[in-house]
Structure formats: structure tokens, C-alpha cells
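All of the numbers you see were taken from the coordinates with simple rules; none came from a lab. Fair warning: this is a prediction, and the values are worked out from it, not measured in the lab. Every residue, glycine among them, receives a Cβ derived from its backbone with ideal geometry; neighbour counts consider all protein chains shown.
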Amino acid sequence: MSTEENPEPQRDEETASRSGQSAELPPPTGRQRLIAGLWPPRVTRAQLIVALLLFVLGLGLAIQVRSTDDSALRGARQEDLVRILDELDDRTQRLEDEKQRLDDQKTELENSSDQAEEARKQTLEKERQLGVLAGTVAAQGPGINLTITDPHSTVEADMLLDTIQELRAAGAEAVQINDVRVVANTYFLDEDGGIEVDGRKVSAPYRFKVIGKPQDLEPALNIPGGIVQTLEKEQATATVTRSEKIVVDALRPAKQPDYAQSSPR
């Protein structure tokens, strides 16, 4: 007679073994619970719609900014683009030259055997430069003559102000409009039959005497969309001529400050 082994006890032992192993598993850590809560991500329909709207808005703004930056130069001719690049290079060169000049002055002061005399010379030179900027002394040098004719009385104060700003950006060192010296705080106002400059009425034709590098000043006025084209749209004309000697002799009285005093430091 053969005896068969009962498999039930063996399965019961395996089940008990697995149950014991499951009971001995450690509880999940905080990191595991955090990962389980974040992944897979649970995104609602409203969140998807908001994200899509933000993406479309950002894309539209990027396209608009890019088109705005390109529109000003898109229609310019190749020679105009080259002229604009040359002007930027010239401005950079002027700043580098000014830095080099200041470094040279510093070196002269440090190496001079008579530092007091050298300091006096530089002080007088600085005084002359400040006098030119303040309009209290006459100045001469190379530059341009700019004449704006206005037969239809369409030129306004802001156009002359834009002209001054273009000239200053191109390196103008001294400017005179008709008989008025232009300085840092010069202002322009519209008046009947003309324009008021620092409280003095000037009328067309507006004659600018500008001291600076002619090769920088003239192109700055003729860039695409610049002051010359703006005046032409208003049926006014601007004539620019270069000169090796421009004399700016309109003077402003030296104004003494009411409250400010020199400080020893």
C-alpha cells in the first residue's frame, strides 16, 4: 500500500512564511511618501488651460518684441546699416579715448617731479573745458553748420530738442542756435512765430553751429529715421556742411550757486 503525502501542510507553511515576511516590512519613509504624492503628477483641466494660455501669451510677446526690434532697421539700405555700425564704433572709440586721456593725466600726476605745477596745469585745463561746457567762454574747432529752413512753420520745439540730442550723442562739444548758447540745462518751448530757447525767442531759419568731429556729426543727422528725414516729412529742410573751423561765440553769464559751496572732500 502506497502512502501519499498531504500537500496542504506544506502550502500552509509557505503562506505563513510569506505572511511573516510581509509583516516584517518597514513602514515607508517620508521621502517615499513625498515621491508617491508627486508622481504621477495630478494635473487638473483648469491647470492645463492656464498653462496653455500662458504659453501662447509668452510666445506672442516674444514675437512682438522681435518684430519691433527688427522693424526699425528692416527697411534700411545696406549703406545705411554700415553707417549706423560705423557710428556705434565711433562712439565706442570716443569713450576709449576719453578713458585713455584720463589714465594719462593720472600717470603724469604720479610721475611728475613737480606735482604741484602739474596739478595746476591740469586744473586750468579742466577749468577751460568746464567753461566750454557751461557756455561761459567762446570755443572754436572743427564741426558742422546746420541750417533748418521752415517755410510752412511746421518745425516745433521738440524737433530742435531731438536735433540737440542727436548731436550730443554723436560727440558735439559746443552748440549754438542762432544767438543762443546751448548748455546742459537748455530748454525749448513753442511760441507764436518761432521757438523759445532758454527764454529767448529764435525764428527760422534755425542756424546751428556745432563743434565736434564732422565725420561723426553729419552721419548722425542722416541716419534712417533721423532728424533730417523727420524734418523732410514736415516739409522743412536741413542743410549740413562740414567745416574745419567753427566759432561758437554766444556766451552765457556765469551763475553763482545760492546754496552749494565747495567741499574739501
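Between residue 51 and residue 123, what FRET efficiency follows from the Cβ-Cβ distance if R0 is 51 Å, with the result rounded to 0.05?
According to the calculation, E is roughly 0.20.
Please give the contour-minus-distance gain from residue 252 to residue 133: 0.36 nm per residue of separation, less the Cα-Cα distance, rounded to one decimal in nm.
Additional length available on full extension: 41.8 nm.
The stretch 140-248: percent of C-alpha pairs farther apart than 24 Å?
16 percent
Hey, can you grab everything whose amide H is under 5 Å from the amide H of residue 191? Only 5+ residues off in sequence or another chain; H modelled, so Pro and N-termini drop out.
The answer is 196.
DSSP loop (so not H, G, I, E, B), at most 11 other Cβ within 10 Å: list which chymotrypsin sites (Phe, Trp or Tyr not before Pro) in the stretch 178-254 pass both filters.
Numbers: sites: 187, 188, 206, 208; in loops: 187.
In loop regions of the stretch 178-254 (DSSP not H, G, I, E or B), the sparsely surrounded chymotrypsin sites (Phe, Trp or Tyr not before Pro) are 187.
Determine the dipole magnitude for the stretch 140-248: charges of +1 sit on the beta-carbon of Lys and Arg, -1 on that of Asp and Glu, nothing else is charged, the reference point is the Cα centre, and the result goes in debye to the nearest 20.
500 debye
Where a Cα-Cα gap under 24 Å defines reach, which lysines qualify for residue 213, not counting those fewer than 8 residues away within the same chain?
Candidates past the 8-residue exclusion: 99, 126, 245.
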